[in-house]
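Below: the structure, in structure tokens.
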Amino acid sequence: MRLSALLATFTLFASSTALANCPGSIAFGTAASRGPQVADRLLDGRCLSAHLADAVGRDPTPDERFIAVASLASRWAEDGVLSRKEAAALMSAARDATVANTVKLRVLAFNDFHGHLDGSRLMVNSPIDGIHTAPAGGIAHLAGLVRELRTGMPDTVVVSAGDLIGASPMESAFFHDEPTIEAMNLLGLDFSAVGNHEFDDGLLELLRMQRGGCHPGGQHTCQGASVGSPVPFSGALFDFLAANVRDEHGNTLFPSYGIRTVGDIRVAFVGVALSSTPRVVNPAGVAGLRFEDEADTINSVAADLRRRGIQAIVVLLHEGGRTEGSINDCTGMQGPVVDIVSRLDDAVDLVVSGHTHHAYVCRLPKRSGQPVTVTSAGSAGRLLTRIDLTLDRQSRDVVAADARNLVVERDPSRTPILPDASTATLLAAYTALAEPIARRPVAQLGAALTRSPNAAGESPLGNVIADAHWETTLLPQAGASVAAFTNPGGMRGDLLPAADGSVTYADLFRIQPFGNTLIITTLSGRQLYEVLAQQWTSGRVLQVSSSVSYRYRELPGQPGPASREVCPGSLKIGGRPVVADADYRIAVNSYLAAGGDGFSTFSQGRDSQGGPLDVDALAAYLAHLGTVKPPALKRIQKVERCD
């Protein structure tokens, strides 16, 4: 916020400090016309009004302003500069100015919801906040908390910082995420920035989420007649925002911002997507789109808004950071959002962030050094950020932001939230439609299959999924693959058995929710080595089938991708060294086949053919095994030397 905006709220009606006698009175905003006034006067060669301006500083919160004024007024009373009556009047005027000249806007924010409509398995664990694995989340409780926080606050805006859909559990993904959009319509969402996962099924499907209509596949879509929602699917009643996503003609894919009016003050909400989206989604889904730098885009849009007379600017940013402390502080904050905010113009008043799934409430410095509030509500609708903005009537800008993350409690013994009936009914209807498939037992697990990697980057769940892909495609009629590779980012959780050891199709869908198909393709041995080298650039160690083994080592003192190397000659398939000029049929999911996660070499495959859904391949493989035990982790070895 500019100094002029501060002075509009904290106006010291006094003469210039260059004047010798400081005529006039000290007052705050239009508070000069109400109540007692205090005559300005000289102290140590400067007017009292100048001393107060220095003490208050730039962009104070109401509490900071009052404390600064009260501290000086008390000292001046003790020193005889002011009478005690004058000091009290000065403090009273400072407090009253905040109330009289401002209006309130409540912003309710969340991020990375990922279609988690059913919160029955969701937890929040933040011991520093006294929260020990407390049940939290679910659309009915989230909507119920939104309703409670709207009560008595007519000026309330509900926003999302992206990844509202995509990588969703079965209750949403099975129906192409239409349930989540319909639930958010009922909840009263106003604006949602576009995240990277909104592009999981491509541009046309994302546009359908906004505009409505049935899925072109024709299955599990437009279920309104069965669940009580509009037919055909209406699309989002809220606005997707994406200021930094442009098509081949240079037009933004969605509006850059939306406007809400509080009294007669216009507030802009600017949506910004992850600039690296093309590197983390299926490239085919974002073909022809350009994702521009986040900070440059925000500053450009903010300048345009200021030219239009809009001073209050909130950014919904699908990028974030990581902290080590409470869900309501900023301890150890690091990550891309720190750099982005450090490049922002002072016009930005609030940043609602996401993507990293961490929860925090921060004050981070902008380009000028002036701090701005930056929030994130973790993920999956387990938290909701309540942000109360104070808007000044004269400057028409934000003068204070008070933010706090609240747990979406499911435990009635803690802080009861009355679940919202409409969203609960919608979820129940969709759950009933999916029930016959979702609850079908698939296999028995001897122990949990976790995605936690060992030192070499190999995990039990990753091994099982890679084996499922290989076993599904190894027969000649299925593609004749000799190996399979899968990306760790495609595993969205651990595979945990029920009390009787069983896992259901819904359990599998939860960890493989993207709807990827298997692709069998041909790469040379040289290209397979290139694929493994690309792991060091992407930072993601591929999971490999049991037919594959190799060794790698770290190279001390080498930066980035050059810091590791696959030991020459160590890559083996079927126990035999891979030959550079030989061809190998391999199985990958459709995301990797398109070059996803930076594995561009996979997109160079030849003689490709399609296979089943990855989740169906996993279900069939586990059913064939019957009882599944975690496999040994010895396919990838991290060594000190390549012998």
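General remarks:
- Test: residue in region 306-320 that is surrounded by fewer than 16 Cβ atoms within 10 Å (Cβ to Cβ), assigned to a loop (DSSP other than H, G, I, E, B) and in the same structural domain as L204 (by TED's automatic domain parsing): yes
- Identity of the residue in region 465-485, part of a loop (DSSP other than H, G, I, E, B) and touching a helix residue (DSSP H, G or I) at 6+ places or on another chain (Cβ under 9 Å), that ends up surrounded by the most Cβ atoms within 10 Å (Cβ to Cβ): S481
- Region 510-534 residues that are farther than 30 Å from H116 by Cβ and assigned by TED's automatic domain parsing to the domain that holds F485, paired with ones that are assigned to a helix (DSSP H, G or I) and among the hydrophobic types (A, V, I, L, M, F, W, C) (beta carbon under 8 Å, 6 or more apart): I520/A478; T521/A593; T521/F602; L523/V531; L523/F602; V531/F602
- Of residues in region 486-518 being part of a strand (DSSP E or B) and within 30 Å of the chain's Cα centre (by Cα), the one nearest to T601 (Cα to Cα): T486
- Figure legend. Inter-residue proximity from region 471-491: first residues assigned by TED's automatic domain parsing to the domain that holds L523, second residues in a helix (DSSP H, G or I) and of a type in the set (S, T, Y), beta-carbon distance below 6 Å, spacing 6+ or different chains. Indicated pairs: E471/Y621; G479/T473; S481/T473.
- Single condition A380 does not satisfy, out of (1) in contact with a Gly (Cβ under 6 Å, 6 or more places away or on another chain); (2) at pLDDT 95 or above: (2)
- Subset of region 374-392 (residues that are hydroxyl-bearing (S, T, Y) and surrounded by 24 or more Cβ atoms within 10 Å (Cβ to Cβ)): T375, S376, T385
- Residue list for region 387-445, filter: assigned to a loop (DSSP other than H, G, I, E, B), farther than 18 Å from A143 by Cβ and of a type outside the set (D, E): R393, Q394, S395, R396, S413, R414, R439, R440
Conditions tested, residue by residue: (1) crowded, with 16+ Cβ neighbours inside 10 Å; (2) modelled with pLDDT under 95.
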| residue | (1), (2) |
| --- | --- |
| D581 | no, no |
| R585 | yes, no |
| V588 | yes, no |
| R606 | no, yes |
| V615 | yes, yes |
| L618 | yes, no |
| G626 | no, yes |
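- Qualifying residue in region 285-299 (condition: closer than 25 Å to G381 by Cβ, assigned by TED's automatic domain parsing to the domain that holds I131 and in contact with a Cys (Cβ under 8 Å, 6 or more places away or on another chain)): no
- Options G263, G271; residue that is small (G, A, S) and surrounded by 23 or more Cβ atoms within 10 Å (Cβ to Cβ): G271
- Qualifying residues in region 402-451 (those that are among the hydroxyl-bearing types (S, T, Y) and in contact (Cβ under 8 Å) with a residue 24 or more places away in the chain) - the one surrounded by the most Cβ atoms within 10 Å (Cβ to Cβ): Y430
- For region 340-366, residues that are under 20 Å from T277 (Cβ atoms), in contact (Cβ under 8 Å) with a residue 60 or more places away in the chain and buried (at least 24 other Cβ atoms within 10 Å of the Cβ) total 4.
- A count restricted to region 489-517 and to residues that are at pLDDT 90 or above, touching a Pro at 6+ places or on another chain (Cβ under 7 Å) and crowded, with 18+ Cβ neighbours inside 10 Å stands at 2.
- Failed item, numbered, when T331 is tested on (1) assigned to a helix (DSSP H, G or I); (2) within 22 Å of D402 (Cα to Cα); (3) hydroxyl-bearing (S, T, Y): (1)
- Residue in region 357-368 that is of a type outside the set (A, V, I, L, M, F, W, C), modelled with pLDDT under 95 and part of a strand (DSSP E or B) present: no
The values are calculated or read from the model by the stated rules, or taken from the named source; none is laboratory data. Being a predicted model, the structure only gives us computed values, none of them experimental. Every residue, glycine among them, receives a Cβ derived from its backbone with ideal geometry; neighbour counts consider all protein chains shown.
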